[in-house]
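Enquirer: For reference, the structure I am asking about is given below.
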Amino acid sequence: MTHPLFSLPGRVALVTGSSRGLGFAMARGLAEAGATVVLNGRDPASLGKSAASLRELGLKAETAAFDVTDDTASAAAIDALVSRFGRLDILIANAGTHHARPLPEWQRVDWERVLATNLSACFTLAQQAARPMIQQKRGRIIFTTSLTGVLGRPTIHAYVASKAGLAGLTRSLAAELGEHGITCNAIAPGYFETDLSAALRKDEAFVARVNARVPLHRWGRPEDLAGIAIFLASDASAYVNGQQIVVDGGMGSVL
């Protein structure tokens with residue numbers, strides 16, 4: 001039986017970038033805690049399959065297909081969600097993109113594309129989600145940042161900058177929205193087994209180096225983020241605000 005502090009019945013959650021990977025794992029965790037989850041991605045077919053897999057488990061799952069970088073589409077999707085369910089309790093802004101090149105090969109368009117998805121879209125989603133949350137006098141806004149936004153890594157400059165910026169946005173929103181009963185926190189994953197890291201995991205030397213640095217001697221699995229997502233979305237974290245919680249197996253804490 002779920003402890004009441006971690007229980008989410010009657011809560012409605014929008015999780016962006018949740019057709020697979022970390023987003024799907026977090027959405028599933030919220031659904032298992034009792035929330036109605038709305039999965040987001042750009043491909044309706046993929047979203048439909050993911051939502052169906054949750055419903056087959058007896059969980060409550062819906063879909064909202066839109067591009068998070070389209071401000072108009074994001075606003076319309078949140079309006080439609082609130083119109084349908086009468087509320088929005090939880091936003092997990094997880095959708096992100098990646099680009100890796102040596103510094104001399106970077107183009108401005110690549111820089112702007114990564115920041116548009118990883119940072120600007122999160123601002124717009126939070127802005128739109130805050131409106132119904134302010135009326136409810138309660139809400140949870142959660143961003144997916146990254147360990148690389150704390151420690152840095154070569155060649156992924158826009159990704160690092162966007163995630164570091166998102167950590168700052170977490171704090172500024174916490175400062176403004178707290179009086180309305182809304183908390184804003186961030187989850188910073190380390191190295192996880194996802195499609196985004198597939199190319200890295202083909203490099204045996206890099207995998208070995210990560211495993212050697214992580215005290216648990218393994219990469220994270222998507223389901224390893226479910227618990228922290230439930231915590232930050234639930235009453236268990238009622239007095240946790242403006243924090244970036246690193247989930248990296250201890251990699252960033254040891255030499």
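Values quoted throughout were computed directly from the atomic coordinates according to the rules given, and no laboratory measurement underlies them. These figures come from a predicted structure and were not determined experimentally. Don't worry about glycine lacking a Cβ; one is built from the backbone with ideal geometry, like all the others, and counts go over all protein chains shown.
Enquirer: I need W106, W219 ordered by Cβ neighbour count within 10 Å, fewest first.
Expert: W106, W219
Enquirer: Additional query: Could you list the square roots of 5 times each eigenvalue of the Cα gyration tensor of the chain, that is, the equivalent ellipsoid semi-axes, sorted largest first and rounded to whole Å?
Expert: 28, 20, 19
Enquirer: Using the number of other C-beta atoms within 10 angstrom as an exposure proxy, rank K60, K163 with the fewest first.
Expert: In increasing order of surrounding Cβ atoms, one gets K60, K163.
Enquirer: Let me ask something else about it. Scan around T63 for amide H atoms under 5 Å from its own, H built in the peptide plane at 1.01 Å from N, and keep only partners 5 or more places away or cross-chain.
Expert: Under 5 Å from the amide H of T63 lie the amide H atoms of L39, each far enough along the sequence or on another chain.
Enquirer: Please arrange S237, S83 by counting, for each residue, the other beta carbons lying within 10 Å of its beta carbon, fewest first.
Expert: Lowest to highest Cβ neighbour count: S83, S237.
Enquirer: In what sequence, highest mean first, do 132-141, 181-190, 167-176 appear when ranked by Cβ atoms within 10 angstrom?
Expert: 181-190, 132-141, 167-176
Enquirer: Which Rg and Dmax, in Å, describe the Cα atoms of the range 189-241?
Expert: That works out to 14.3, 42 Å for Rg and Dmax.
Enquirer: With the cut-off at 27 Å, report for the range 118-255 the share of all Cα pairs above it, as a whole percent.
Expert: Across the range 118-255, Cα pairs with separations above 27 Å total 24 percent.
Enquirer: Now a separate question. What's the Cα-based Rg to Rh of the range 69-110, Rh via Kirkwood?
Expert: My calculation puts Rg/Rh at 1.24.
Enquirer: Return the whole-Å distance between the Cα centroid of the range 74-127 and the Cα centroid of the range 14-49.
Expert: Centre-to-centre (Cα) distance: 15 Å.
Enquirer: If each of L255 and R221 carries a label point 7 Å out from its Cα toward its Cβ, how far apart are those two points in nm?
Expert: Taking the simple label geometry, L255 and R221 are separated by 3.3 nm.
Enquirer: Under 5 Å between amide H atoms, partner at least 5 residues away or on a different chain: which partners does F192 have, H built in plane at 1.01 Å?
Expert: For F192, the qualifying residues are G220.
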